[in-house]
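The values are calculated or read from the model by the stated rules, or taken from the named source; none is laboratory data. Just so it is clear, the structure is predicted and the values come from calculations on it, not from any experiment. Reconstructed Cβ throughout: ideal geometry from the backbone, glycine too, with neighbour counts over all protein chains shown. Heavy atoms of the whole protein, side chains included, go into the accessibility calculation; ligands, DNA and RNA do not. Shrake-Rupley method; radii C 1.70, N 1.55, O 1.52, S 1.80 Å.
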Protein chains: 2
Amino acid sequence: MSGKIFPTAQDAESAFYEALESGDLEGMMAVWAEDEEIVCVHPTGPRLTGQDAVRAGWTQIFSGGARARVHVSHQVTLSGMMLEVHSVQENFAPEGESRGAQGRDSRPAPIIATNVYLRTAAGWRMIVHHASPAPGQAEPLPREGSHKILH
Amino acid sequence: MSGKIFPTAQDAESAFYEALESGDLEGMMAVWAEDEEIVCVHPTGPRLTGQDAVRAGWTQIFSGGARARVHVSHQVTLSGMMLEVHSVQENFAPEGESRGAQGRDSRPAPIIATNVYLRTAAGWRMIVHHASPAPGQAEPLPREGSHKILH
């Protein structure tokens, strides 16, 4: 499906959010493992499993045409040999606003995401994206870049 | 915090749902890794990180006193050496109904959960529980016991 190689899970995550921002379906699907066991849960959506359902979900989202900047914060990382788990907060800003701006009045509530990456023969790929709306900005900011290596 | 040893991630998951059903706070916390990086997201709730916040969240939930049977279905498992990821659907039934009953009229909507387990020196423990409400029964039933071993 794609020849892209992501040397680290973080590279795959960066490509995921770039594709999300730009509405790039092929770029998005290139991040996912070519595997029937992939799982994707969009905010308030059902669980989608398998390439076909995951692709259909992103196709539907991107067809809306709305674009937004995404600033990822509060990352907690757990790394194994074959799997890596990132818990992040996704902060969306309408296209045109600067990425780092902290004003929150016009912003949608942040999204909490659990992203799981698998080390494959073709580099790291996403296998799980579980996203759900946060009820508000409940967690204080620090904790950036928390990373635990398990091996 | 606890001397319980879970030889497999599935053992830890079984203990997790037993503790959830019985409102057993100590049993619940015995499932979690004794680690500051644990992450718990209750349905529609904020992200809780660390032992203190996770314990406080379960304390609040269990203090409500409501008990329910939980039937876990649609499990997709991804196993690494150190981490294992279970994507499941949690089907709640008010206490007193039988576990396997399929009638859905009086049931709450199912919950989608991503559960991540870590192999520690003291067996497998939970490190991430991310739960969010499913919009309905969108996914067909088969796929029970789908399990991919990565190593």
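Going by a ≥ b ≥ c, the root eigenvalues of the Cα gyration tensor, does the range B:36-81 fall in the rounded group (a/c under 1.5), the prolate group (a/b larger than b/c) or the oblate group?
oblate
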Going from most exposed to least, what order do A:32, B:124 have by accessible area with a 1.4 Å probe? B:124, A:32
How much accessible surface does residue B:72 have with a 1.4 Å probe, in Å² rounded to 10? 40 Å²
Which of rounded, prolate or oblate describes the range B:8-95 when judged by the alpha-carbon gyration tensor and an a/c cut-off of 1.5? oblate
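Summing +1 for each Lys or Arg and -1 for each Asp or Glu, what net charge is found among the other residues whose Cβ lies under 15 Å from the Cβ of residue B:59?
Working: positive: B:55; negative: B:24, B:26, B:52.
So the environment of residue B:59 carries a net charge of -2.
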Shielding score for A:82-93, defined as the mean number of other chain Cβ atoms within 10 Å: 4
Which shape class applies to the range B:1-41: rounded if a/c is under 1.5, otherwise prolate when a/b exceeds b/c and oblate if not, where a ≥ b ≥ c are the square roots of the Cα gyration tensor eigenvalues? rounded
Around residue A:20, with a cut-off of 11 angstrom between Cβ atoms, what is the net charge of the other residues, counting Lys and Arg +1 and Asp and Glu -1? -3
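Roughly how big is the range A:1-86's charge dipole about its Cα centre, with Cβ charges of +1 (Lys, Arg) and -1 (Asp, Glu), in debye to the nearest 20? Intermediate values should be presented prior to the final figure.
Working: 5 positive and 12 negative charges, 69 e Å.
The dipole of the range A:1-86 has a size of about 340 debye.
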In order through the range A:110-126: 3J(HN,Hα) via Karplus (6.51 cos²θ - 1.76 cosθ + 1.60), integer Hz, x for Gly, Pro: x, 10, 9, 10, 10, 10, 10, 10, 10, 7, 10, 4, 10, x, 7, 9, 6
For A:81, B:126, the accessible-area ranking with a 1.4 Å probe, largest leading, is A:81, B:126
Once each part is reduced to its C-alpha centroid, what is the distance from the range B:73-89 to the range B:8-53 in angstrom? 16 Å
Exposure ranking of A:52, A:35 by accessible area [1.4 Å probe, largest first]: A:52, A:35
Whose amide H sits under 5 Å from the amide H of residue B:67, counting only residues 5 or more places off or on another chain, with H placed in the peptide plane? B:95
